[in-house]
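To start, the structure itself, in structure tokens.
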Amino acid sequence: MSQPVFFASAVEALYQRGLEGTLTSTTLKGLKERGLDLGQPLQVAYAYDVWSACLNFTSSAVFPHLREDEAVEALGIAFLRGFQRTRLRQRRPGAVPVRRAPARGRAWRWRPREEAEALGGLPRFLLREVYRQRRCGLLEFGYVVVKCATCGESSEVPFSCKSRLCPSCSARRAHETAVHSVLPHVPFRQWTVSFPYALRWRLVKEPGLLEELLRKTTRLIAAWQRRCARKLGAQGRLLTGAVTQVQSWGSALQLSPHFHTLAPDGLFAATEAGVDFVALPPPTPEEVATLVTQLARRVTKVLRQRGLEDAEARVDDGLDALRLESLQHSLALGTARP
């Protein structure tokens, strides 16, 4: 069973917003001794024992003139007031205007939108996600009331959309996943693998192609790690694993399918006493270049087997038209200006 935790949003609401300006150096030192260092960036989440110890210490340190129950009540009021000032509470997506990119004299920026409309427009699932995101955090679309049983003060918390397009909901989902991570406590290395422009559209349109190339990539990295471990004298069965985030876009929101693979910076060797971790040195530039060459050969072989070496781009709907245009250009969907 996973241990209960408190997320950074609660720490921000109480200590960085609600008690802003009231924490002395002695109080900050006491919090640090109990596991909460406010001089460093907040962690994703904190253990319940740390949070409980910090609350008990804070109530007596900040409100020494109050009785214990009064100090706890004052701490709750400070938390509610601080929550009102956090980004989570203040966020109002519907009040943010949608920016329109200027034409800047380049007609090709608006051609994708015309082509998308000619092909029947965008698919319904995409429009549905956009509409859901626009309602996220708005009280008029539903909320729950959180009320303190001691002081009676209440606050409205609007419903979240849980849309894949919402940065707030996506970040919360990522934080919750990170808290319950089961990765072993060993060094890790991130391997980023991107593909040429000519291949990216096929990765999007061909079912199973992206998954097959991911298998080729992870097996290539694992094989290289085993060779390195053998050179260092490792014996027995050598095991490894990896976690990959398949990302479909680049920094400019252009279509760019690529991999972010997190793999142990070493291997696990099965022994009679259990499992030992065999740490590996970082790859040299020459070794990285060799891995890229080997991966390129394997990708070419897969394309040849699937008959995709000279395949033409296939556009099925308006979303495909926009994605195809965004392979090499930043995508603009506003109204062109003279």
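The values are calculated or read from the model by the stated rules, or taken from the named source; none is laboratory data. A quick note: this is a predicted structure, and the numbers were derived from the prediction, not measured. Positions of Cβ are generated from backbone atoms using ideal geometry, with glycine treated the same way; all protein chains shown enter the neighbour counts.
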Criterion violated by Ala45 - all others in (1) out of contact with any strand residue (DSSP E or B) (no Cβ under 6 Å at 6 or more places or on another chain); (2) buried (at least 18 other Cβ atoms within 10 Å of the Cβ); (3) hydrophobic (A, V, I, L, M, F, W, C); (4) farther than 22 Å from Cys151 by Cα satisfied: (1)
Breaking point among (1) within 30 Å of Pro187 (Cβ to Cβ); (2) surrounded by fewer than 12 Cβ atoms within 10 Å (Cβ to Cβ); (3) more than 31 Å from the chain's Cα centre (by Cα), for Gly307: (1)
Evaluation of Lys231 against (1) surrounded by 15 or more Cβ atoms within 10 Å (Cβ to Cβ); (2) over 30 Å from Arg323 (Cα atoms) (one fails), failing number: (1)
Residue in the range 6-20 that is nearest to the chain's Cα centre (by Cα), counting only those that are assigned to a helix (DSSP H, G or I) and under 17 Å from Glu73 (Cβ atoms): Ala13
Output for the range 53-75, where each listed residue is closer than 13 Å to Leu14 by Cβ and touching a Lys or Arg at 6+ places or on another chain (Cβ under 7 Å): Cys54, Phe57
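Conditions (1) free of Cβ contacts under 8 Å to residues at least 40 places away in the same chain; (2) surrounded by fewer than 17 Cβ atoms within 10 Å (Cβ to Cβ); (3) under 30 Å from the mean Cα position of the chain (by Cα), marked per residue:
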| residue | (1), (2), (3) |
| --- | --- |
| Glu212 | no, yes, yes |
| Gln225 | no, no, yes |
| Gly241 | yes, yes, yes |
| Gly250 | yes, yes, yes |
| Ser256 | no, no, yes |
| Gly274 | yes, yes, no |
Some residue of the range 200-210 being more than 30 Å from Asp317 (Cβ to Cβ) and not polar (S, T, N, Q): no
Test: residue in the range 276-287 that is modelled with pLDDT under 90 and among the small types (Gly, Ala, Ser): no
Single residue of the range 136-177 satisfying the filter (under 11 Å from the mean Cα position of the chain (by Cα) and small (Gly, Ala, Ser)) that is surrounded by the fewest Cβ atoms within 10 Å (Cβ to Cβ): Ala171
Any hit, the range 216-223, residues being under 29 Å from Pro167 (Cβ atoms) and buried (at least 17 other Cβ atoms within 10 Å of the Cβ): yes
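Of everything in the range 39-65, what is in contact with a helix residue (DSSP H, G or I) (Cβ under 6 Å, 6 or more places away or on another chain) and assigned to a loop (DSSP other than H, G, I, E, B)? Give them in sequence order. Even if it seems obvious, please write down each step before you answer.
If we filter the range 39-65 for residues that are in contact with a helix residue (DSSP H, G or I) (Cβ under 6 Å, 6 or more places away or on another chain), which is where we start, we get 42, 44-45, 54, 57, 59, 61, 63.
Leu42, Val44, Phe63, listed by residue number.
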Strands (runs of 3 or more DSSP E) enclosed by the range 124-213 - at least 2 residues per element that are closer than 24 Å to Arg323 by Cβ: 188-193
Number of positions in the range 310-325 that are under 28 Å from Thr218 (Cα atoms) and either under 31 Å from the mean Cα position of the chain (by Cα) or of a type outside the set (D, E, K, R) (or both): 4
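Can Thr293 be described as in a helix (DSSP H, G or I), touching a residue at least 60 places away in the same chain (Cβ under 8 Å), under 16 Å from Phe195 (Cα atoms) and among the hydroxyl-bearing types (Ser, Thr, Tyr)? It would help to see each step written out before you state the result.
Working: in a helix (DSSP H, G or I): yes; touching a residue at least 60 places away in the same chain (Cβ under 8 Å): no; under 16 Å from Phe195 (Cα atoms): yes; among the hydroxyl-bearing types (Ser, Thr, Tyr): yes.
So Thr293 fails the test.
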